[in-house]
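Colleague: Handing you this structure, nothing more for now.
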Amino acid sequence: MATGYLDNYYARLGVPRTATQEEIRNAYHQAARKFHPDTNKDSGATEVFLNIQEAYETLSNPTKRKDYDNVLPKDVTGSPKNTLVNTIYSRQALPVMDSPQLIYVMINLMALPPGSGALSPTTPPLNISLVLDTSTSMSGPRLNSVKETARQIIQTLKPEDVISVVTFNDAAEVIIPATRGQNINVLEARIGIISTDGGTEIYKGLEAGLTEVMRNIRPSYHNHLILITDGRTYGDEEACLTLAEQAAEAGITIHALGIGDKWNDSFLDELATITGGGSEFADTSRGIEKFLKDKFGQIQDTFASNVTLDYETPPGVELRYAFRLSPDSNSIPLGEQIALGDIPNKHSLSIIMEFLIDEMKSANGEFPLIDGKLNLVLPKLLIPNVSTRLSLSRPTTNKAEPEPPPQVLVRAMSKLSLYRLQEMAQKDIEAGNIIQATQRLKNLATQLLDTGEEELANTVMLELNNVNSSKAMNEDAKKRIKYGTRALVLEQDTEVPQ
């Protein structure tokens, strides 16, 4: 029998010790589909499948489960012991109030450091597709920068890594198929012949890229797609978003880079964040190079991937907003399940959540904010899929004046407020509320000046006249303000007490 983490039947199925029978049954079916010898030809799949079956036979039987729980040590749970969950609240307690109140929670998910029982720091193999826009507008320095950086990245690949390269314009072409152990010189030569032509149809490139990733997809790999484009796609946006949903379900993360000012930032944001990824902006060749190198480095440094949260809030509580502070910054779309991103080895996956509480009539002990289940993939485990409970709550109090929030949360919120100001200004412009939008932009410029961000503040001030006259923002300025304020969030100190 396997030792260590797998000695726990709950861990074999990737569920917490408090899992319901339905959760155990669903986890078993999901794991069995992945590891059944008829469909999974990997060495060791049969042993894993037998381990899963053994665990399910015990945990699905209430009597056997009770007997098993009685001999299972009390400190053993289904949650990964290699991951630390740290929460910081803006209020130590919730005061009794007749009016609505807000509370902010910073959640930090971290890999335990070496020597504390954590998994070894070895890097799981990569399974990445690079999907490149080769429409006519990408010709010259833009494409040259992408090609040169891709060559440099290929030289760093290990024999077990899988990379594919797909180009698209009016049609898609697989330049490098998804296989491991390819000749580096051959790969570089194939990249060298990439040229530009035609228009931009993202769906075709996205579909081809995801097909290449799916050829080798495994929970023990880092499965990602990197999309680079400088143009808008027309008529296939909904089809692209459907592909992103399928990618998220399969455990593939999409990252997007928009170059210049002609691409649709709202669309790329939505496309990527559905999967737990994000979009970024570059206006120079150096920016393209930095994005690609940083993204590959970030993927290689991943400890746990595809972190999602299934959650419920009690009556009178609304999760209104969620934002990922690090390892890269992005708004998080809300739904019954939300994609949080990846946990790096050396830093934290940090999320800020904003809750609105209708009213607090009396101080009755602990007040629940959210009850949920964290799902994540630990590629280094034999059975990588893991789930654990996440519950957030605060004690209630009759004390009228709340204590000041922790400084780490204050710093994060002060930077996030700049990004949210531009978000709200954009919504005002779209709704035709120009006066309100210009007021927010003036406020944003003032706060940027106060923090020493003079160049970004000047961009905002120059755009005010354009908003007043044209009732819209210049696309280049819009992206500079949006991604500039988002970058400030990432620069803030998210270090948390251990």
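Colleague: With each label point set 7 Å from Cα along the Cα-Cβ vector, what nm distance links Ser139 and Arg411?
Modeller: 4.9 nm
Colleague: Taking the Cα centre of region 394-488 as origin and charging only Cβ (+1 Lys, Arg; -1 Asp, Glu), how large is the dipole, in debye to the nearest 20?
Modeller: Working: 14 positive and 12 negative charges, 64 e Å.
The dipole magnitude comes to about 300 debye.
Colleague: Only four residue types carry charge here, +1 at the Cβ of Lys and Arg and -1 at the Cβ of Asp and Glu. Report the dipole size of the chain about the Cα centre in Debye, rounded to the nearest 20.
Modeller: Numbers: 48 positive and 64 negative charges, 198 e Å.
Computed charge dipole of the chain: roughly 960 debye.
Colleague: Under the classification rounded if a/c is under 1.5, otherwise prolate if a/b is larger than b/c and oblate if not, where does region 147-218 fall, given a ≥ b ≥ c as square roots of the Cα gyration tensor eigenvalues?
Modeller: Values: a/c = 2.59, a/b = 1.31, b/c = 1.98.
Judged from the Cα gyration tensor, region 147-218 comes out oblate (a/c at least 1.5, b/c at or above a/b).
Colleague: Still on this structure: Treating only the Cβ atoms of Lys and Arg (+1) and Asp and Glu (-1) as charged, compute the dipole magnitude of region 288-413 about its Cα centre; round to the nearest 20 debye. Intermediate values should be presented prior to the final figure.
Modeller: Details: 13 positive and 16 negative charges, 93 e Å.
Roughly 440 debye for region 288-413.
Colleague: Within region 327-409, what whole-number % of the accessible surface is contributed by carbon and sulfur, with the 1.4 Å probe and all protein chains included in the calculation? Working shown, then result.
Modeller: Working: 1760 of 3560 Å².
Solvent-exposed carbon and sulfur of region 327-409 make up 49 percent of the total.
Colleague: Hey, any idea what the orientation-averaged projected area of the convex hull of region 283-368's Cα atoms comes to, in nm²? Write out the running numbers ahead of the final one.
Modeller: Details: hull surface 31.5 nm².
Over all viewing directions, region 283-368 projects a mean Cα-hull area of 7.9 nm².
Colleague: Largest first and to the nearest Å, give the Cα extent of region 335-490 along each principal axis.
Modeller: The principal-axis extents, from largest down, are 55, 48, 31 Å.
Colleague: Let me ask something else about it. When N counts the residues of the chain, how does its alpha-carbon radius of gyration compare numerically with 2.2 N^0.38 Å, as a ratio?
Modeller: Working: Rg = 24.1 Å, N = 498, 2.2 N^0.38 = 23.3 Å.
It is 1.03.
Colleague: Got a sec? Charge dipole of region 301-343, +1 on Cβ for Lys and Arg, -1 for Asp and Glu; which of Ala339, Asn306, Leu319 is way out at the positive end?
Modeller: Towards the positive end, the residue furthest out is Leu319.
Colleague: I need the phi-derived Karplus couplings for region 334-349: 6.51 cos²θ - 1.76 cosθ + 1.60, θ = phi - 60°, integer Hz, Gly and Pro marked x.
Modeller: So the Karplus estimates, Gly and Pro as x, are 9, x, 4, 10, 10, 8, 8, x, 10, 9, x, 6, 9, 10, 10, 8 Hz.
Colleague: Full-extension gain between Gln246 and Gln92, please, as 0.36 nm times their residue separation minus the C-alpha to C-alpha distance.
Modeller: On the way: separation 154, 0.36 × 154 = 55.44 nm, distance 4.02 nm.
In short, 51.4 nm is gained.
Colleague: Rounded to whole Å, give me the distance from the Cα center of region 238-287 to that of region 340-414.
Modeller: Centre-to-centre distance over Cα atoms comes out at 26 Å.
Colleague: Among 173-184, 136-147, how do they line up from the highest to the lowest mean number of other beta-carbon atoms within 10 Å?
Modeller: In descending order of packing, they fall as 136-147, 173-184.
Colleague: Under 11 Å from the Cβ of Pro327, count the other residues' Cβ atoms, weight Lys and Arg +1, Asp and Glu -1, and hand me the total.
Modeller: Working: positive: Lys295, Arg324, Lys346; negative: Asp294, Asp301, Asp328, Asp342.
Here the count lands on -1.
Colleague: Okay, next question. Can you give the % of DSSP beta bridges in region 99-220 that are antiparallel, to the nearest 5? Kindly include the intermediate steps, with their values, before the conclusion.
Modeller: Details: 6 of 13 bridges.
Percent antiparallel among DSSP bridges in region 99-220 is about 45.
Colleague: Would you grab the residues whose amide H sits under 5 Å from the one on Ser135? Only those 5+ places off in sequence or on another chain, please, with H modelled 1.01 Å from N.
Modeller: Asp197
Colleague: Another one. So, counting K/R as plus one and D/E as minus one, what does the shell of residues with Cβ under 13 Å around Gln337 add up to?
Modeller: -4
Colleague: Taking each full run of DSSP H in the chain as one helix, which ones are at least 15 Å long along their axis (Cα atoms) and have mean Kyte-Doolittle hydropathy of at least -0.5?
Modeller: Span-like helices, by this rule, are 45-59, 202-214, 237-250, 407-431, 434-450, 454-470.
Colleague: Of all DSSP beta bridges located in the chain, what percent are antiparallel, nearest 5? Write out the running numbers ahead of the final one.
Modeller: Details: 57 of 83 bridges.
Percentage antiparallel, nearest 5: 70.
Colleague: With every protein chain kept in place and ligands, DNA and RNA left out, what is the accessible area per residue of the chain? Probe 1.4 Å, answer in Å².
Modeller: With the other protein chains kept in place, the chain gives 45 Å² per residue.
Colleague: Ignoring everything except DSSP H segments at least 4 long, calculate the 222 nm mean residue ellipticity for the chain; use -39,500 (n - 2.57) per segment, divide by total residues, nearest 500. Please report the intermediate quantities before stating the final value.
Modeller: Working: 14 runs with 196 residues, N = 498.
My calculation for the chain gives -12500 deg cm²/dmol from helical runs alone.
Colleague: For Val15, enumerate residues with amide H under 5 Å from its amide H, sequence gap 5+ or separate chain, H modeled in the peptide plane.
Modeller: For Val15, the qualifying residues are Ser387.
Colleague: While we're looking at this one, here's another question. Any idea which of Thr196, Thr134, Asn144 is furthest toward the positive side of the dipole for region 129-264, if Lys and Arg beta-carbons carry +1 and Asp and Glu beta-carbons -1?
Modeller: Positive-most Cα among the choices belongs to Asn144.
Colleague: Label 7 Å along Cα→Cβ of Lys346; region 279-296 residues with amide nitrogen under 14 Å?
Modeller: The answer is 294-296.
Colleague: Another question, if that's okay. Pairs to check: Lys34/Lys66; Lys373/Lys415; Lys34/Lys204; Lys290/Lys482; Lys290/Lys442; Lys361/Lys415. Give those whose C-alpha atoms are more than 25 Å from each other in this structure.
Modeller: On the way: Lys34/Lys66 28 Å; Lys373/Lys415 29 Å; Lys34/Lys204 28 Å; Lys290/Lys482 19 Å; Lys290/Lys442 31 Å; Lys361/Lys415 33 Å.
Beyond 25 Å between Cα atoms: Lys34/Lys66; Lys373/Lys415; Lys34/Lys204; Lys290/Lys442; Lys361/Lys415.
Colleague: How would you classify region 252-300 from its alpha-carbon gyration tensor, with a ≥ b ≥ c the square roots of the eigenvalues: rounded for a/c under 1.5, else prolate if a/b is greater than b/c, otherwise oblate? Mind dumping the intermediate values first?
Modeller: Details: a/c = 3.67, a/b = 1.04, b/c = 3.53.
Taking the square roots of the gyration eigenvalues as a ≥ b ≥ c, region 252-300 is oblate.
The values are calculated or read from the model by the stated rules, or taken from the named source; none is laboratory data. A quick note: this is a predicted structure, and the numbers were derived from the prediction, not measured. Heads up, the Cβs are rebuilt from the backbone with ideal geometry, glycines too, and the neighbour counts pull from every protein chain shown. Protein only, heavy atoms only, side chains kept; ligands, DNA and RNA dropped before computing areas. Shrake-Rupley method; radii C 1.70, N 1.55, O 1.52, S 1.80 Å.
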